[in-house]
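Accompanying notes for the structure given below.
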Amino acid sequence: MRLSSELLVDIDKGLDNYNTELLHKTGCSLREIASRAAGVAEAEVCNASSSTPVAVIPITTGEGIIEHFAPAVQSIVSYIGFTSFVTQGCDVAGLAEGIKRGAKIIFLADDNCFVAINLPHRLVVDNAEATGRGYVAALECLAGGLYNRSVLVIGAGRVGRSAVCALKRLGAKVAVFDINQTKAENLVREYEAVREENLAEALQRYTILFDASPAAEIIQAEHIKPNTVIAACGIPLGLSAQAYSLVKEHLVHDPLQIGVATMLAMAVK
């Protein structure tokens with residue numbers, strides 16, 4: 001689902017509070033979670049920050065620029081410790097400007113693809129893969145480990161696929177639900193996961209949830225147990241207001257922060 005500009009307003013001003021909240025819930029900072037997801041030491045990310053300028057390039061194709069998007073991405077990159085800037089030019093002109101100004105990593109997005117590109121290393125990192133990996137890292141911290149524990153992944157799209165792959169690497173017992181049974185079945189077959197056919201029934205049995213669905217209010221208060229933990233990267237948030245109030249201290253959800261931070265950490269790997 002396309003991000004709305006309202007979700008991106010003042011992300012830069014809220015990053016300290018967001019990071020404090022992450023530390024409280026997971027015991028890890030945004031940079032630590034991104035580094036874990038990328039499989040690199042946090043020190044390696046810190047070392048790269050001093051010598052790896054980053055450009056964020058506004059792209060006008062398709063439905064056009066989402067207001068506040070480029071500044072929000074740039075603010076997250078800067079918060080991780082990197083020198084970064086939004087180019088004045090857009091599209092090809094912006095790319096040329098970013099390279100001329102010395103950027104080694106560029107971020108750019110259109111309606112179909114959001115990537116970070118490490119120019120010297122010819123490395124492309126896709127946001128869907130990074131978001132799946134980043135939220136799994138956050139969920140692992142939130143749950144106090146995932147090895148041999150049952151996790152329900154809701155949504156078998158690109159982010160869900162990335163999450164299932166990351167969860168399997170951590171030794172989790174993975175189940176998948178998607179309203180598109182063919183997509184769910186393909187993912188289950190590829191990763192030897194379990195397919196759940198009835199979401200309401202499955203939500204009664206799982207306490208560790210990864211919500212990668214774009215559907216709203218699919219998780220209700222009746223599905224929340226005292227030990228429920230949720231990583232929800234879907235937009236909009238898939239919890240009802242009452243469910244959110246019950247699990248908010250054990251929930252990780254944001255519009256861009258974990259995904260962008262993980263893209264950056266993966267791009268410097």
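Values quoted throughout were computed directly from the atomic coordinates according to the rules given, and no laboratory measurement underlies them. Everything numeric in this text was worked out from a predicted model, so none of it was measured. Neighbour counts run over all protein chains shown; Cβ positions are idealised from the backbone, glycine included.
Brief remarks follow.
- Ranked for footprinting exposure by Cβ neighbours inside 10 Å, fewest first, Cys113, Cys46, Cys90 give Cys113, Cys46, Cys90.
- Cα convex hull, region 1-70: 141 Å³ per residue, rounded to a whole number.
- If the chain linking Asn47 and Glu192 were pulled fully straight, counting 0.36 nm for each residue of separation and taking away their Cα-Cα distance, it would gain 48.4 nm.
- D (Stokes-Einstein, µm²/s), Kirkwood Cα radius, region 129-269, 1.002 mPa s at 20 °C: 146 µm²/s
- Peptides ranked, highest mean first, by Cβ atoms within 10 Å: ranges 195-205, 98-108, 158-168: 158-168, 98-108, 195-205
- To the nearest ten degrees, helix 181-191 and the longest principal axis of the Cα atoms of the chain are 80 degrees apart.
- Between region 159-211 and region 80-138, the alpha-carbon center distance in angstrom: 29 Å
- Pairs exceeding 25 Å between alpha-carbon atoms, taken from Lys25/Lys104; Lys100/Lys269; Lys183/Lys225: Lys25/Lys104; Lys183/Lys225.
- Mean Cα-pair separation over length for the chain, i.e. relative contact order, pairs under 8 Å, 6 or more apart, %: 21 percent
- Placing one equal scatterer on every Cα of region 140-218 and applying the Debye formula, the log10 ratio I(q)/I(0) at q = 0.12, 0.16, 0.26 Å⁻¹ is -0.28, -0.50, -1.35.
- At most 12 other Cβ within 10 Å, DSSP loop - GluC sites (Glu not before Pro), region 1-100: Glu63
- For region 130-252, with +1 on Lys and Arg beta carbons and -1 on Asp and Glu, the positive-most of Val174, Thr207, Ala130 along the dipole: Ala130
- Each residue of region 22-34 was assigned a 3J(HN,Hα) from its phi angle through the Karplus curve 6.51 cos²θ - 1.76 cosθ + 1.60 (θ = phi - 60°); the sequence is 4, 4, 5, 7, 10, x, 10, 7, 4, 5, 5, 4, 4 Hz, with glycine and proline shown as x.
- Shape category assigned to region 60-126 from the gyration tensor of Cα positions, a/c cut at 1.5: rounded
- Fewest-first sequence of His223, His121, His250 by Cβ atoms within 10 Å of each Cβ: His121, His250, His223
- For the chain: Kirkwood Rh in Å [reciprocal of mean 1/r, alpha carbons]: 18.8 Å
- Rounded to the nearest 500, the helix-only mean residue ellipticity at 222 nm of the chain stands at -13000 deg cm²/dmol, with each DSSP H run of n ≥ 4 adding -39,500 (n - 2.57).
- Its convex hull of Cα atoms gives region 186-269 a direction-averaged projected area, equal to a quarter of the hull surface, of 6.8 nm².
- Gain upon complete extension [Lys183, Leu23; 0.36 nm per residue less C-alpha separation]: 54.1 nm
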